[in-house]
Every structure is written in C-alpha cells, then in structure tokens.
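Here the structure is laid out as structure tokens; the discussion comes afterwards.
Computed from the coordinates by the stated procedures, all read-outs in this text should not be read as laboratory data. All values derive from a computational prediction rather than experimental measurement. Don't worry about glycine lacking a Cβ; one is built from the backbone with ideal geometry, like all the others, and counts go over all protein chains shown.
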There are 2 protein chains.
Amino acid sequence: MATIRDVAEQAGVSVATVSRVLNDNGYVGAETRKRVMAAIEGLNYSPNEVARSLYKRESRLIGLLLPDITNPFFPQLARGIEDEVHRAGFRLLLGNSDEEASKELEYIQTFLQNQVVGIMSATNNTDSENYTNLDLPVVFLDRVSKQHPSVYADGIEGGRLAARTLVERGSKRITLIKGPGHIQPAMDRFQGALAVLSEAEVDFSVLSTSSYAFDDARTWAEELFAKYPDTDGVIASNDIVAIAILHEALRLGRRIPDDLQLIGYDDIPFSSLSYPSLSTIRQPAYEMGKEAAKLLIRMIQKEKEVEQTIQLPVTLIERNTTRKVDPNA
Amino acid sequence: MATIRDVAEQAGVSVATVSRVLNDNGYVGAETRKRVMAAIEGLNYSPNEVARSLYKRESRLIGLLLPDITNPFFPQLARGIEDEVHRAGFRLLLGNSDEEASKELEYIQTFLQNQVVGIMSATNNTDSENYTNLDLPVVFLDRVSKQHPSVYADGIEGGRLAARTLVERGSKRITLIKGPGHIQPAMDRFQGALAVLSEAEVDFSVLSTSSYAFDDARTWAEELFAKYPDTDGVIASNDIVAIAILHEALRLGRRIPDDLQLIGYDDIPFSSLSYPSLSTIRQPAYEMGKEAAKLLIRMIQKEKEVEQTIQLPVTLIERNTTRKVDPNA
DNA sequence: CACCTTTGTGTAACCGGTTACAGATAATTT
DNA sequence: AAATTATCTGTAACCGGTTACACAAAGGTG
C-alpha cells in the first residue's frame with residue numbers, strides 16, 4: 001500500500017501539499033495539483049482512514065446496535081439506515097445485542113474504541129449510563145428517551161388502532177397478545193390496545209408471551225388456541241406471531257376472517273404474502289431507518305436546531321384477515 | 001477520554017509498561033502491574049483501537065459485503081457470521097452491494113482503508129480483480145471461486161433435489177422458475193433442476209425472472225398463472241417467490257398440494273409458517289455463516305492447512321406443499 | 001567471584017495521515 | 001513605490017498506541 005509520503009516523493013512535493021490536494025483545502029497551484037493527481041493515479045494511492053481517524057479523533061464509522069438482525073423488522077430498518085449513511089460517506093459497524101445488557105455495553109465500548117462519529121441503537125435501556133455519559137451523537141431507534149433524540153412510531157396509538165379495528169369489525173371475544181415485557185415498544189402497543197379493549201363492549205383475554213423468536217411463535221399460537229379456543233379476534237404482538245397464529249388457525253380449520261379476525265403489527269414484507277394476507281399496523285421501518293440516519297448525520301454535522309424526536313405515523317393496513325366494515329354503519 | 005499516557009503518569013510508570021500490562025506480554029513486576037491496573041480502573045481507561053490499528057497495520061474489523069440484508073436469506077447468514085466473529089473479538093463492517101459492481105468496489109475500498117483483517121463477501125464476481133489482488137484473507141459466501149476459500153451449499157444438487165421431488169410425487173406439467181441470471185447460485189439451482197426435468201417423463205416450462213425482491217415476487221406469481229394456468233408443479237427460484245406463488249395459487253382457488261405442488265429454496269424462517277407450510281430445499285444459512293467466519297478466523301490467525309472450500313449439505317424439507325410419496329412405490 | 005541469563009523498566013521511533021506555523025512569492029491596494 | 005493581502009509550499013508536531021533497544025538489577029552457574 002502506497003502512503004502519502006510515496007505520493008509526495010513521486011510528485012516532488014511535501015506531504016502537506018498532497019494532503020491539501022486530497023482534502024481540497026488550502027492553496028494548491030494548478031500545476032502542482034496536476035502532478036499530485038498523476039502520482040496518486042500512478043501509485044493507485046488511497047488514503048489510510050485509520051491514520052486520518054487517529055489524528056481527527058473520529059472515524060467515518062457509525063455504530064449500529066440492533067437487538068437481532070434476524071427479526072424481520074430490523075433488516076428493513078438497517079437498510080434504511082445503511083442507504084442514508086452510505087450516501088453521506090459513512091460506514092456501519094454492526095452489532096446484535098440480543099437485548100442483553102452485557103453485549104450492549106461491549107458493543108458501545110468497541111464503538112467508542114473505534115472512534116465512531118455516532119451511534120444508533122434500538123435498546124430497552126435508553127436511560128442507562130451507557131448512553132447518558134456519551135459525548136457523541138446518539139439516536140435511538142424505535143424507542144423514546146429524554147437523553148437523546150429518537151425516531152419511533154407511536155406504539156400506543158398503534159395498539160389502539162389495532163384494537164379499534166377488531167372491535168369495529170365485530171370481534172366479541174378478543175385475545176390480546178402481550179409481547180415480551182422488557183421490550184418497550186411491545187409494552188406500548190399492548191397498553192394502547194388494552195386501553196381500547198377495556199372501554200369497549202367486548203370480552204377479552206390477555207396471552208402473555210416472552211419472545212418474538214420464530215421458533216417460539218408457533219408455541220404461542222398453539223397455546224392461544226388451547227387456552228382460548230372460542231376467541232374470534234386476535235391482536236398479535238407482531239407480524240411473526242400473527243402469521244404463526246394464522247397458520248395454526250388455518251390448520252385448525254378456522255375460517256379467516258369470518259370465524260376469526262387477526263391483526264398483526266409491523267407490516268414486515270411477508271405479511272402481504274400470507275394467505276389470507278395479513279391485516280396489520282404498519283411501522284415504516286425503512287423510513288424510520290432513513291429518518292434516523294438523516295437525523296444522526298445532521299447531529300454529526302453539528303447543525304443547529306436538530307429535532308429531538310421524529311415520530312412516524314403508524315397506519316392500518318387492511319388486508320384480508322379482518323372483515324370489511326359495513327359501509328352503512 | 002483517558003490515554004495510555006494518563007495511565008502511565010497516574011501509575012508512575014512509562015507508557016511501555018502500561019502497554020505491557022494491557023497486552024500481557026513482556027516482563028512486568030507484580031507490584032507495578034497492580035499499580036497500573038489501579039490507574040486503569042481509576043481513570044476508566046480503555047485503549048484506543050484506532051491508534052493500535054495504525055501501528056499494527058490492521059484493525060480488528062472484518063468487512064462483510066452482502067447483496068441485500070433485506071433478503072431474508074442473509075440475516076441468518078449474517079447472524080451466524082456475527083456470532084462467531086464476535087466470539088473471536090472481531091467486529092463487523094457491513095455493506096449492501098445490491099449486486100452492483102460500483103458499490104461492491106466502493107465497499108472493498110473502504111474496508112481496505114479501514115485496515116480490516118479479512119473480508120467476507122457474497123458476490124457474483126468472485127474472480128474480479130477486486131478480490132484477486134487482495135493480500136488479506138477473503139472468504140466467499142454462498143459462492144465458489146478458485147481464488148479464495150468459499151463456503152457454500154451445492155446449488156446444482158439442490159436444484160436436482162427439488163426437481164426430483166416434484167417428479168417423484170407425480171407432477172406432470174412442471175414450471176421451473178429461473179432466478180436472476182447474474183446470480184450464480186440462482187443459476188446453479190436452475191441448471192440442476194433443468195437437468196433432472198430434461199431426463200424425466202414430464203412436460204415442463206421455464207419462467208424467467210429477474211429479481212428476488214418481494215415486490216416483484218407477486219408479479220412473477222401472476223405471470224406464472226397467466227402463462228401456465230394448467231401447471232401442476234412449481235419449482236420456485238427461492239422461498240420468497242415460492243410463497244408469493246402459494247399466495248396467488250390459493251387466491252385462484254388451487255388446492256395445494258393436490259392440484260398444484262410447490263417447492264421453494266432456502267428454507268427461510270417464514271417457510272414453515274406459511275399455510276400450507278412450504279416444502280423447500282434447505283440451505284443452512286446460519287451454519288454457513290458460522291463456518292465461513294470460523295474459516296476466515298483461521299486464515300486470519302495464519303493457521304496452516306485451512307480448507308479451501310466448505311460445502312454444506314442441502315436437504316429436502318418436506319412440508320405440506322408437496323404430496324407424500326406412496327410408501328408402496 | 002566472574003559471567004551469563006532472566007527480569008523489570010524507560011526512551012524514543014514508528015504507524016500514516018492532518019494542520020499550525022513560517023517563509024516566499026505574486027497580486028492588489030493606496 | 002511601499003504596504004498589504006492573497007497564493008503557494010514546506011517543516012515538524014501531533015493523534016495514541018506498540019515495540020526495538022538500551023540499561024540496570026537480580027538470580028543462577030561453574
């Protein structure tokens with residue numbers, strides 16, 4: 001690998017001049033610039049980011065911490081982030097926390113050690129000292145916090161919307177699936193739905209689940225029909241669980257949406273491909289990623305007046321696991 | 001941020017001694033070590049990776065280049081990689097290439113600029129000079145190459161297996177979906193299936209598709225039934241496409257697997273949750289990631305006798321979009 | 001006891017960029 | 001024409017680690 005000194009020698013100038021050409025700052029004569037360019041070309045030189053980072057005390061890397069890239073909500077989010085961050089010339093350091101505090105800490109540590117310019121994190125401990133003491137830009141994903149800006153979709157409203165949808169469409173014995181208690185957005189949507197159900201004239205039960213994992217989803221589905229065989233409406237904790245329930249319901253011969261209505265949460269790509277296609281509450285994951293990245297980049301560029309939070313809309317995506325509302329009602 | 005000099009001063013020793021304590025090499029007196037440890041603790045010191053990388057001429061980062069993290073095959077793969085790489089103390093720099101040569105080059109460039117210790121890539125240009133001229137460990141994912149070690153599952157065999165399965169179970173008018181021509185594994189599985197169908201006593205047609213994207217999958221599905229309405233067996237290019245076809249088939253009232261058999265490819269997590277659950281050819285994505293990471297790490301550690309390729313088995317996962325074989329046959 | 005080896009520690013060069021500062025020349029202003 | 005300002009370039013310090021080398025003291029050997 002050629003270094004800046006090789007280039008300087010080749011072009012017959014000092015390293016400072018090469019650096020000026022590279023960064024396009026300071027004065028450089030037209031003729032000199034040409035010679036330097038030629039030397040760069042000739043040596044196929046490309047500057048060492050590590051050296052630059054050391055002096056600048058910051059790299060062009062951004063740390064991205066997700067619970068688990070294997071959960072289909074996150075690839076969308078990550079992709080939105082990556083597209084935006086890439087455009088701005090940054091690169092991503094990726095970590096999976098598995099919602100474990102130790103892994104989270106470890107990653108934040110290595111992010112710092114690598115002098116990232118900013119951190120994006122979907123964590124449940126937004127107020128942990130892992131983040132409060134950081135003096136670099138942080139954006140929380142899909143979570144809210146007082147400490148740092150956040151990009152999220154309103155889970156409480158989403159939960160309400162899900163519940164209202166089932167109620168309006170006539171489900172009378174609703175089962176509400178409560179997601180993992182330590183995941184903040186899971187609780188939000190649960191609370192939102194719970195509030196609506198409490199005030200509606202319906203019977204309902206709550207089924208408590210402890211994970212979003214694919215392998216467990218089938219278990220929750222079986223448990224659901226074992227415990228509440230006569231339920232006629234299910235508000236799932238997310239689309240994975242919803243689709244597992246849909247699967248189980250069809251296996252048991254339930255007619256959807258006639259016997260049983262079902263609504264998911266997230267609108268992951270697969271939800272439109274299930275059959276019947278899944279009605280769900282959409283969180284715009286890709287856009288959330290994009291917005292979060294844009295926000296972080298603005299912070300990195302030290303712009304004034306950066307929003308503290310960006311709330312994206314949750315929307316009802318009516319597909320075919322819910323009935324159509326009576327247009328005369 | 002405290003530096004090694006702060007620690008040295010605090011402990012009343014030289015930076016060399018602190019470095020020796022940190023890296024546990026060279027001689028350090030027991031008493032001195034204790035003082036240094038205390039200073040590290042007291043200052044909450046954590047070494048700057050960037051400075052270390054600069055001197056060592058390599059970081060502890062590994063570059064991972066994937067076509068698109070949004071394709072459900074890759075998160076599994078990425079997770080396998082991440083778990084293994086993390087255990088060994090490395091971190092991941094992630095990039096999406098979108099199968100575009102320019103993005104690919106750009107990422108490889110920045111990987112090098114950041115002095116990664118190794119690169120893992122799922123590319124279609126394994127023999128491009130992007131890779132041939134690299135003098136650092138490279139492992140190809142899901143692809144084969146002469147230049148560098150690869151971890152892959154045998155696509156040709158997988159394609160054969162898929163085709164044999166449909167033929168054996170009695171489909172007579174098979175539609176074979178050909179995936180994007182520029183994606184090597186897509187071609188492999190296509191060729192494998194094609195070979196089997198050519199020799200079998202069945203009619204078959206080929207439907208050519210140009211992407212794996214979710215949004216397009218529905219289009220292929222519609223096209224399929226428009227062009228070949230009387231097909232009774234579909235070999236899909238991957239599970240996304242298979243599930244889209246399943247959706248469309250059910251929408252059109254086809255009985256599965258009685259009227260139409262369907263087999264996918266990959267065994268992504270959702271394939272077991274479709275209804276009927278999808279029969280498919282499994283590629284062990286997570287394990288592939290793990291193996292690839294282990295291989296790369298061995299190369300990084302300059303072990304002798306590192307395998308050049310690791311081939312993982314493709315297996316038939318018989319679920320409910322294919323009929324059971326007649327046990328008397 | 002002279003000699004060699006092991007142990008313990010510090011000094012300073014080095015990795016490859018960036019930039020403060022200084023000095024020289026050219027262009028502009030008054 | 002003198003003073004001022006703009007343009008161009010180089011020297012060397014700096015970022016924060018690692019390590020070659022030097023040196024001193026302690027321990028072991030014949």
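Figures for the structure shown
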{"quantity": "Residue of B:SER19, B:SER150, B:SER121 that the Gaussian network model of chain B assigns the largest fluctuation, springs spanning Cα pairs under 10 Å", "calculated": "B:SER19"}
{"quantity": "Sites A:ARG87 and A:SER208 - FRET efficiency at Förster radius 41 Å, r taken between beta-carbons, to 0.05", "calculated": "0.45"}
{"quantity": "Among A:ILE263, A:ILE40, A:ILE297, residue whose mean-square fluctuation peaks in a GNM of chain A (springs only between Cα atoms under 10 Å)", "calculated": "A:ILE40"}
{"quantity": "Distances in nm from B:ASP230 to the matching label points in the other copies, shortest first (labels 7 Å along Cα to Cβ)", "calculated": "5.0"}
{"quantity": "Calculated label separations, B:LEU252, copies of the chain, 7 Å along the beta-carbon direction, nm", "calculated": "3.2"}
{"quantity": "Calculated label separations, A:GLN147, copies of the chain, 7 Å along the beta-carbon direction, nm", "calculated": "4.4"}
{"quantity": "Peptide-level mean, for B:259-270, of C-beta atoms on other protein chains within 10 Å", "calculated": "2"}
{"quantity": "Shielding by partners - mean other protein chain Cβ count within 10 Å, residues of A:110-117", "calculated": "5"}
{"quantity": "GNM result for chain B, Cα springs below 10 Å: residue of B:GLU82, B:GLU41, B:GLU106 fluctuating most strongly", "calculated": "B:GLU41"}
{"quantity": "Calculated [θ] (222 nm, deg cm²/dmol) that DSSP helices of n ≥ 4 give over chain B, each run adding -39,500 (n - 2.57)", "calculated": "-13500 deg cm²/dmol"}
{"quantity": "Acute angle (nearest 10 degrees) that the helix A:239-251 long axis makes with the longest principal axis of chain A, alpha-carbon atoms", "calculated": "40 degrees"}
{"quantity": "Loop-located trypsin sites (Lys or Arg not before Pro) in region B:95-177, at most 12 other Cβ atoms within 10 Å (DSSP)", "calculated": "B:LYS146"}
{"quantity": "Listed peptides A:65-76, A:49-60 by packing density, highest first (mean Cβ within 10 Å)", "calculated": "A:65-76, A:49-60"}
{"quantity": "Euclidean distance of C-alpha centroids, region A:114-174 and region A:1-62, integer Å", "calculated": "43 Å"}
{"quantity": "Hypothetical label at A:MET1: residues of region B:90-112 whose amide nitrogen lies under 20 Å (7 Å Cα-Cβ projection)", "calculated": "B:90-95, B:104-112"}
{"quantity": "Gain on full stretching of the segment that runs from B:LEU134 to B:ARG164 - 0.36 nm per residue minus C-alpha separation", "calculated": "6.7 nm"}
{"quantity": "Over 27 Å between alpha carbons, listed pairs A:LYS178/A:LYS324; B:LYS103/B:LYS178; B:LYS172/B:LYS227; A:LYS227/B:LYS290; B:LYS146/B:LYS290", "calculated": "A:LYS227/B:LYS290"}
